[in-house]
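Student: Please read through the structure below; I'll follow up with questions.
Quick note: the coordinates plus some simple rules give every number you see, no bench work behind them. Predicted model, so just to flag it, every value in this text is computed and none were measured. Cβ sites come from the backbone with ideal geometry, for glycine too, and all protein chains shown count toward neighbours.
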Amino acid sequence: MIDSGQDPAEIKNRVQAYLSANPETDAVLTLGPTSADPTLLALDETGMAGDIYFGTFDLGAEIVQGIKDGVIEWGIDQQPFLQAYLPVVVMTNYHRYGVLPGNNINSGPGFVTAEALEMVEKFAGEYR
């Protein structure tokens with residue numbers, strides 16, 4: 001685990017330093033665009049893009065492109081739009097009719113891979 005902060009340049013530098021010191025690294029997991037975007041740059045600059053298994057949370061333009069390019073294997077689609085919308089629907093139905101859903105409502109997460117990317121990429125960073 002790398003404590004990299006929020007600065008993209010610092011994240012890129014720390015990822016490059018880690019990979020240089022640990023060449024046996026075979027996988028990377030990032031927590032969204034803040035760390036995924038600079039990691040994409042670090043992998044590209046070190047010539048390791050596509051050689052390391054790379055997964056991330058969330059979707060954004062650079063993550064979508066990374067999946068298309070085969071550098072990122074998957075992005076976890078947490079569907080923040082549904083995470084905000086569905087509770088309003090549930091509470092409205094409870095207020096109006098006194099009913100609650102009988103089981104868990106799954107608003108995600110889902111794994112977005114190259115095969116499913118076309119269906120969701122236009123919403124990346126906006127609704128997903």
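Student: Going through the stretch 45-59 one residue at a time, which ones are free of Cβ contacts under 8 Å to residues at least 24 places away in the same chain and surrounded by fewer than 16 Cβ atoms within 10 Å (Cβ to Cβ)?
Tutor: Within the stretch 45-59, GLY47, GLY50, ASP51 meet the criteria.
Listed here are the residues, each with its yes/no results for (1) outside any helix (DSSP H, G or I); (2) at positive phi; (3) surrounded by 14 or more Cβ atoms within 10 Å (Cβ to Cβ).
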{"position": "ILE67", "(1), (2), (3)": "no, no, yes"}
{"position": "TYR85", "(1), (2), (3)": "no, no, no"}
{"position": "VAL89", "(1), (2), (3)": "no, no, no"}
{"position": "ASN104", "(1), (2), (3)": "yes, no, no"}
{"position": "GLU121", "(1), (2), (3)": "no, no, yes"}
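Student: Kindly indicate which of ASP37, ASP44 is closer than 22 Å to GLN6 by Cβ and touching a helix residue (DSSP H, G or I) at 6+ places or on another chain (Cβ under 9 Å).
Tutor: ASP37
Condition check ((1) among the polar types (S, T, N, Q); (2) outside any loop (DSSP other than H, G, I, E, B)) across all residues:
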{"site": "ILE11", "(1), (2)": "no, yes"}
{"site": "TYR18", "(1), (2)": "no, yes"}
{"site": "SER35", "(1), (2)": "yes, yes"}
{"site": "ALA42", "(1), (2)": "no, yes"}
{"site": "ASP51", "(1), (2)": "no, no"}
{"site": "PHE54", "(1), (2)": "no, yes"}
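Student: May I ask you to list the residues in the stretch 38-63 that are of a type in the set (A, V, I, L, M, F, W, C) and within 25 Å of ALA17 (Cα to Cα)?
Tutor: LEU40, LEU41, ALA42, LEU43, MET48, ALA49, ILE52, PHE54, PHE57, ILE63
Student: Answer yes or no as to whether ILE63 is in a helix (DSSP H, G or I), within 21 Å of MET1 (Cα to Cα) and in contact with a strand residue (DSSP E or B) (Cβ under 6 Å, 6 or more places away or on another chain).
Tutor: yes
Student: Also, quick follow-up: Using beta carbons and a limit of 9 Å, which pairs, at least six apart or on different chains, have the first residue in the stretch 105-122 and among the charged types (D, E, K, R) and the second one not in a loop (DSSP other than H, G, I, E, B)?
Tutor: Filtered contacts from the stretch 105-122: GLU121/ALA61; GLU121/VAL64; GLU121/ILE67; GLU121/LYS68; GLU121/VAL112.
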